[in-house]
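Inspection log for the structure reproduced underneath, given as structure tokens.
Each value in this text was obtained by applying a stated rule to the coordinates, not by laboratory testing. Every value quoted in this text rests on a predicted model; they were computed, and no experiment measured them. No Cβ is skipped: glycine too gets one built from the backbone with ideal geometry, and neighbour counts run over all protein chains shown.
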Amino acid sequence: MDVAQNLERVRHKIAAACRRSGLGPEDVELVAVTKDVGLDAIKQALDAGVKVLGENRVQELVRKYPELPGVRWHFIGHLQRNKVKPLVGRVELIHSMDRWSLAQELDRQARRFGRVFRVLVQVNVTGEAGRFGVPPGDLIDFVNRAAGLEGLRVEGLMVMAPFVTDPEEVRPLFREMRGLFERLSDDSGVRMRYLSMGMSSDYTVAVEEGANMVRIGTAVFGPRKCTLRGD
């Protein structure tokens, strides 16, 4: 697997999508998803210019953290409250704050250690039962409440689209997320900086619809033994 070549291809596609959306390539942050990826491949990605790594599992992030000094880590997976503590001081951004009880625990652990967690609010934009995330109708209230917690800094939104073979199927979802993002920027007291949406199967469409952060694993590192829905 030629990680550097894969990255070049991904960056080229992001740049092309940016031209169609009016963004500049420098406006889109690429988070390389390292779930089930070995250290050698990760180091190849870092050597090829990757700046940010994203992990889905707390235990995997904690294991890799000391082996890769100086790396900017994001946590992008579903987060249980009893797994918050190990992330303190290790992650730059949490993408998946999806419920009030988690917001409270993140705040508690951050204040306990004199830190602040930078977070994105995960949105259940499809409304499907069993999907993680805050319903769109509750979003303004949730964001404003979370922004009032001393240990949190809310910086944007994240969505995980359903996996589809044709990325055009999720374009309306991404467009709706962009609308929510813009309304929150206007109607809440919180500065919305990041719209995290798009994975390996649909990131070009996500960028065309306004994503400025994409989470890409398979397109960079190739298929893994347990690929997470197109990441």
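Below, the figures for the structure above:
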{"item": "Of all residues in the stretch 78-122 being in contact with a Ser or Thr (Cβ under 7 Å, 6 or more places away or on another chain) and touching a residue at least 40 places away in the same chain (Cβ under 8 Å), the one that is surrounded by the most Cβ atoms within 10 Å (Cβ to Cβ)", "result": "His95"}
{"item": "Among the residues listed as Val154, Val125, Val143, Val190, the single one being part of a strand (DSSP E or B) and surrounded by 14 or more Cβ atoms within 10 Å (Cβ to Cβ)", "result": "Val154"}
{"item": "Test set (1) free of Cβ contacts under 8 Å to residues at least 40 places away in the same chain; (2) under 20 Å from the mean Cα position of the chain (by Cα); (3) within 24 Å of Asp2 (Cβ to Cβ) - Arg57 fails condition number", "result": "(3)"}
{"item": "The one condition in (1) free of Cβ contacts under 8 Å to residues at least 60 places away in the same chain; (2) surrounded by 14 or more Cβ atoms within 10 Å (Cβ to Cβ); (3) closer than 27 Å to Pro69 by Cα that Val10 fails to fulfil", "result": "(1)"}
{"item": "Selected residue (only one of Gly222, Gly217, Gly151 is closer than 29 Å to Gly114 by Cβ and either among the small types (Gly, Ala, Ser) or touching a residue at least 40 places away in the same chain (Cβ under 8 Å) (or both))", "result": "Gly151"}
